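Colleague: Following this message is one structure expressed as structure tokens.
The values are calculated or read from the model by the stated rules, or taken from the named source; none is laboratory data. Note that this is a predicted model, so its numbers are computed, not measured. With ideal geometry, Cβ positions are generated from the backbone for all residues, glycine too; neighbour counts draw on all protein chains shown.
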Amino acid sequence: MRDTHPKTARRTAWSRAVLLLTALLLVVPRAYADTPDWSVNPAAYAATMTLVIEVAAPDVQTPGDDRLAVFVNDPVSGLAMVRGVATAMVTRGQVRYFLTVYANTNGETLTLKYYSTTTDQVYLVDETLTFVANNTVGSVNAPLRMTATEPERGVPAWQVDVAAFGASMTAVARLTVEGIPATSQDALAAFVGDEVRGVATSVEVGGMALFFLTAYANVTTDTLTFKLYDASRDEVVPVGEYMAFAPNANYGSTASPLVWAASLLEAPTLRAPQDGALATSATLDLSWTPTAGGIGYDVQVATDASFSDLVFEDRVHDASATLPVLPYSTRYHWRVRALGDGLVGLWSAPFQFETATGVGTQAVPQAPLFELSAPYPNPAREATTVVYRLAQSAEVTLVVFDLLGRVVQTHATSAHATGQHERQVDVSGLAPGRYVVQVRAGARQKSQLLSVY
């Protein structure tokens with residue numbers, strides 16, 4: 001039987017008012033400086049699906065403030081486009097998100113992000129969904145349970161105005177950062193100067209993260225450079241590639257992608273001799289702009305653009321190198337890369353120079369060719385073996401440097417005949433760390449890295 005006593009009725013009405021006021025206060029949105037600007041234009045889409053979601057988050061969720069959004073990667077720009085947004089609501093004592101998702105095509109992959117006002121942080125939702133028009137997933141009593149634990153990294157706001165350009169080209173690439181494969185959280189961008197000309201996020205194909213990049217331009221003489229956002233480091237890393245824009249060109253494929261490398265050490269900028277210079281001195285000095293964080297440099301000079309026919313190779317510690325006397329009337333290619341503390345940087349864009357005919361330079365025999373293998377064992381504790389093969393007899397010297405360029409061991413120069421040679425190097429007296437083993441054969445030099453533990 002209902003209690004109709006006036007006092008009881010007044011208390012009940014007051015209690016309801018308090019509960020209603022409390023509920024209203026709970027759902028009034030508060031302003032946060034870094035609240036994501038997630039929004040969607042429903043008029044742009046013809047179909048919808050409904051999601052009722054419960055999120056397992058790393059903090060206490062705030063009704064009316066916390067948000068959940070659905071995204072689809074745009075195939076043109078590579079950017080994640082918002083397809084639905086919902087704020088947290090309390091239903092039957094539990095926090096739920098009631099999402100309407102918009103699309104024009106069935107089968108699109110849906111990713112989700114959760115924004116917490118408690119931490120002012122966006123978190124990635126572990127699970128993904130597939131869009132199915134007119135479908136409903138989850139309910140108030142049985143919501144779809146999803147997990148958000150990984151904070152979103154600071155992906156750069158790279159955008160390209162596709163409508164501003166009249167031509168495009170595509171590239172399919174697989175990337176590594178310091179030898180480690182890129183992941184699905186990374187992003188790749190193409191640039192002309194500082195202007196973004198293309199953006200792509202990776203897609204997993206056959207266990208590999210591939211980037212399907214479309215780049216845009218109006219001028220066919222544009223040269224594209226590239227940068228990778230490395231989510232594991234939360235920073236942008238230069239990619240060691242240069243590509244001339246070619247309208248309608250397609251480079252790489254799913255079966256045979258381009259293989260690109262990114263490094264925290266930027267490629268040096270070559271200074272002298274300038275590209276296409278004519279060398280008229282018997283002594284030729286190479287120079288380049290120092291790289292931030294570089295403590296040494298690899299230098300290569302070759303007679304071919306692929307640097308397979310090397311005439312000079314050295315590891316130096318300043319931003320310059322002096323070449324031996326070279327044969328006259330010959331075209332050479334040269335490039336440089338920086339070395340850091342445990343890092344190997346990107347090769348510079350190569351320059352060319354040509355030695356003048358009979359002016360200052362001499363026609364002399366090429367320095368003896370030789371090959372230097374990696375030391376073994378490596379890492380080493382007591383000793384390591386250095387193996388090298390000479391194509392011609394030569395005077396050979398072996399030197400060990402630390403990464404600061406200091407000589408820690410020098411092995412006596414001796415004459416070596418043509419063929420393969422081995423030299424034992426005692427490392428028992430070296431402190432644990434990384435070293436450079438350099439072998440000099442006549443005018444040629446080659447180096448290998450060695451770790452001591």
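Colleague: I'd like the residue in segment 439-449 that is in contact with a Lys or Arg (Cβ under 7 Å, 6 or more places away or on another chain) and modelled with pLDDT under 85 and, out of all such residues, is farthest from TYR376 (Cα to Cα).
Modeller: SER447
For every residue, the table says whether it meets (1) in a strand (DSSP E or B); (2) not β-branched (Val, Ile, Thr).
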| position | (1), (2) |
| --- | --- |
| THR111 | yes, no |
| ASN141 | no, yes |
| SER168 | yes, yes |
| PHE211 | yes, yes |
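Colleague: Next question. Write out, first by first residue and then by second, each pair whose Cβ atoms fall under 6 Å of each other, whose residues are 6+ apart or on separate chains, and whose first residue, in segment 246-272, is on the phi > 0 side of the Ramachandran plot while the second is of a type in the set (Gly, Ala, Ser).
Modeller: Sorted first by the residue in segment 246-272, then by its partner, the pairs are GLY252/ALA171; GLY252/ALA173.
Colleague: Something else now. Search segment 147-171 for residues that are closer than 24 Å to VAL125 by Cβ and pair each with any residue that is of a type in the set (S, T, N, Q) and part of a strand (DSSP E or B) when their beta-carbon atoms are under 6 Å apart and the residues are at least 6 apart or on different chains.
Modeller: Filtered contacts from segment 147-171: PRO151/GLN121.
Colleague: Restricted to segment 245-261, and to residues that are of a type in the set (Phe, Trp, Tyr) and in a strand (DSSP E or B), which residue is surrounded by the most Cβ atoms within 10 Å (Cβ to Cβ)?
Modeller: Per the criteria, the residue is TRP260.
Colleague: Being surrounded by 13 or more Cβ atoms within 10 Å (Cβ to Cβ) and among the aliphatic types (A, V, I, L, M) is the filter here; which residues of segment 219-239 pass it?
Modeller: Matches in segment 219-239: LEU224, LEU228, ALA231, VAL236, VAL237, VAL239.
Colleague: So which residues in segment 269-301 are small (Gly, Ala, Ser) and either in contact with a Gly (Cβ under 6 Å, 6 or more places away or on another chain) or under 12 Å from VAL316 (Cβ atoms) (or both)?
Modeller: Selection gives SER281, ALA282, SER287, GLY293, GLY294, GLY296.
Colleague: In segment 404-443, how many are on the phi < 0 side of the Ramachandran plot, under 34 Å from the mean Cα position of the chain (by Cα) and not hydrophobic (A, V, I, L, M, F, W, C)?
Modeller: 5
Colleague: Do you know which residues across segment 207-249 are of a type in the set (Gly, Ala, Ser), more than 20 Å from the chain's Cα centre (by Cα) and over 22 Å from TRP347 (Cα atoms)?
Modeller: ALA217, ALA246, ALA249 - these are the residues of segment 207-249 that are of a type in the set (Gly, Ala, Ser), more than 20 Å from the chain's Cα centre (by Cα) and over 22 Å from TRP347 (Cα atoms).
Colleague: Next question, about the same structure. Among residues belonging to segment 323-378 that are loosely packed, with under 13 Cβ neighbours inside 10 Å and among the charged types (D, E, K, R), point out the one that is modelled with the lowest pLDDT.
Modeller: Top of the filtered list is ASP341.
Colleague: What tally of residues in segment 218-244 results from selecting those that are in a loop (DSSP other than H, G, I, E, B), modelled with pLDDT of 85 or more and either out of contact with any Lys or Arg (no Cβ under 8 Å at 6 or more places or on another chain) or small (Gly, Ala, Ser) (or both)?
Modeller: Matching residues across segment 218-244 total 1.
Colleague: Next question, about the same structure. Looking at segment 64-114, which of the residues that are more than 16 Å from THR50 (Cβ to Cβ) and of a type in the set (S, T, N, Q) is modelled with the lowest pLDDT?
Modeller: Checked segment 64-114; the qualifying residue modelled with the lowest pLDDT is SER77.
Colleague: Determine which single condition ARG315 fails, assuming it passes every other condition in (1) within 15 Å of ARG271 (Cα to Cα); (2) not in a loop (DSSP other than H, G, I, E, B).
Modeller: All conditions are met except number (1).
Colleague: Right, something else. All but one of (1) at pLDDT below 85; (2) out of contact with any strand residue (DSSP E or B) (no Cβ under 6 Å at 6 or more places or on another chain) hold for PRO156; which doesn't?
Modeller: PRO156 satisfies all of (1) at pLDDT below 85; (2) out of contact with any strand residue (DSSP E or B) (no Cβ under 6 Å at 6 or more places or on another chain) except (2).
Colleague: Right, here's the next one. Could you go through segment 40-50 and let me know if any residue there is under 19 Å from ARG145 (Cα atoms), at pLDDT 50 or above and out of contact with any helix residue (DSSP H, G or I) (no Cβ under 8 Å at 6 or more places or on another chain).
Modeller: yes
Colleague: Identify all residues within segment 413-434 that are surrounded by 17 or more Cβ atoms within 10 Å (Cβ to Cβ) and either at pLDDT below 85 or among the charged types (D, E, K, R) (or both); write none if there are none.
Modeller: Listed by number, the list holds a single entry, ARG423.
Colleague: Looking at VAL101, is it of a type outside the set (Lys, Arg), within 19 Å of ALA56 (Cβ to Cβ) and surrounded by 14 or more Cβ atoms within 10 Å (Cβ to Cβ)?
Modeller: Criteria not met by VAL101.
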